[in-house]
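Read the figures in this text as sums done on the coordinates, not as results from a lab. The structure displayed is predicted, hence computed values, not measured ones. Cβ placement follows ideal geometry from the backbone for every residue including glycine, while neighbour counts extend to all protein chains displayed.
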Amino acid sequence: MQKRRVTIALIAEEAGVSIPTVSKVINGRPEVAPETRQRVERLLHKHGYQRRTGQGDGPVGLIDLVFAEIESPWAMELIRGAEQAAHEADASVVISVLHTHAGPGRDWVDRIAARRTDGVIIIGSRLSARQSGQLTARSIPFVTVDPEGEPAPGVPSVGATNWNGGLAATRHLIELGHRRIGMIGGPADMLCSRARIDGYKAALETAGIPIDPELIRYGDFLVNSGHDHGHALLDLDDPPTAIFAGSDLQAFGVFEAARQRGLRVPDDLSVVGFDDLPLARSAWPPLTTVRQPLQEMAALATRMVLTIGRGGKPEPSRVELATDLMIRESTAPPRQR
């Protein structure tokens, strides 16, 4: 018996609604009751409905790049990588900003669908099971980059070797002779932040250096966080001789905190960052930092979305690109006290 083709008419029949109602759900139109929308989405997902775009195997036309925040050079590097990969595939990039790490709002998927997007890349945020289901029901492929939490099984993701980066940065400071090493991480519940701190702890443990909780701080990845936590660490009765910051922006904040206290980097305080933004090379002193390949991460995520949108399956679906320690002039052996 020939399998019945999944059409909008079939979904409408099973859901007990009109064909235009199903079309409105697929295209993210707002004028559908929530209960009806959920019923239609469940059937779209159940039957594996594939939206017909008329593009066949041709290039995907529009990719949505969704950020939790965009107020940093970090985001610019990711945008450059995504735009380059999209350009090579004759596609365009649309940028959305959520202004929160809590994840997209309730109507976010509807707005994406209404734009007739052909793929979504979600950066540094959390995607709920409901939102994943909504995207899947509408046949909108999606990939996460540097997700806030552990991606759900089957969700394609791209990240960096954050644990290895934290290990390498801390080992570098230990090899220079530092034993009091401060650590400023990002949010405590963010996956990449936890991994960098775990790498820091592993380097200390391997070297036989006790982990001092007083030397570990959590904030965000911006300059003010590095500045404020840098001051707090340097206010300790036994302050660190080196600080590993979870981002380059935090490291620049530590630079400023040191300057305000009359300390010189690296003579009085060594500082390591994470990201290797273009600013890291032009800072004074040039910043020792862990390079994560931001442009390559975004480009790979874009190619993965393009592959999924054309009916393929990226292999592997979860990728971590290598980090590298870039040693510059912001680190040196500690002064003898």
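Run the numbers for Asp228 and Ala322: contour at 0.36 nm per residue of separation, minus the present Cα-Cα distance, in nm. If you can, show how the numbers build up before the last one.
Details: separation 94, 0.36 × 94 = 33.84 nm, distance 3.01 nm.
This chain segment gains 30.8 nm when fully extended.
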Which label belongs to the value computed from this structure, given these candidates for Rg and Dmax of the Cα atoms in Å: [x] 19.2, 61; [y] 23.4, 84; [z] 18.6, 54?
-> [y]
Report the net charge of residues surrounding Glu148, where surrounding means a beta-carbon distance below 15 angstrom and charges are Lys +1, Arg +1, Asp -1, Glu -1.
-> -2
Arranged from highest to lowest average of other beta-carbon atoms within 10 Å per residue, in what order do the peptides 300-306, 87-93 appear?
-> 300-306, 87-93
Could you work out how far apart the two model spin labels at Val97 and Lys313 are, taking each label as a point 7 Å from the Cα in the direction of the beta carbon, and quote it in nm?
-> 3.8
Tilt of helix 223-234 relative to the longest C-alpha principal axis of the chain, in degrees (0 to 90, nearest 10)?
-> 40
At Arg179 and Ser282, where each label point lies 7 Å from the Cα along Cα→Cβ, what is the point-to-point distance in nanometres?
-> 4.1
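Could you tell me which of rounded, prolate or oblate describes the stretch 187-337, using a ≥ b ≥ c as the square roots of the eigenvalues of the alpha-carbon gyration tensor, with rounded for a/c under 1.5 and, failing that, prolate when a/b is larger than b/c and oblate otherwise? Please report the intermediate quantities before stating the final value.
On the way: a/c = 2.37, a/b = 1.91, b/c = 1.24.
Verdict is prolate for the stretch 187-337.
Considering only DSSP beta bridges with both partners in the chain, what is the antiparallel share in %, to the nearest 5? All intermediate terms of the calculation are to be shown ahead of the outcome.
Details: 3 of 37 bridges.
Close to 10 percent.
Would you mind getting me the FRET efficiency between Glu256 and Gln38? Use the beta-carbon distance for r and R0 = 45 Å, nearest 0.05. Write out the running numbers ahead of the final one.
Numbers: r = 50 Å, r/R0 = 1.11.
In this case the efficiency is close to 0.35.
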Quick one: net charge around Ser247, please, counting Lys, Arg +1 and Asp, Glu -1 for every other residue with C-beta under 10 Å from its C-beta.
-> -2
Picking from Val97, Val143, Val319, which is most flexible by a Gaussian network model of the chain using Cα springs under 10 Å?
-> Val97
With everything on Cα atoms, drop me the angle between helix 248-260 and the longest principal axis of the chain, reported from 0 to 90° to the nearest 10.
-> 30
Using a simple spin-label model with points 7 Å from Cα along the Cα→Cβ vector, what separation in nm is obtained for Ala188 and Ser18?
-> 5.3
Compare the peptides 277-290, 258-271 by average per-residue count of other Cβ atoms within 10 angstrom and give them in order, highest first.
-> 277-290, 258-271
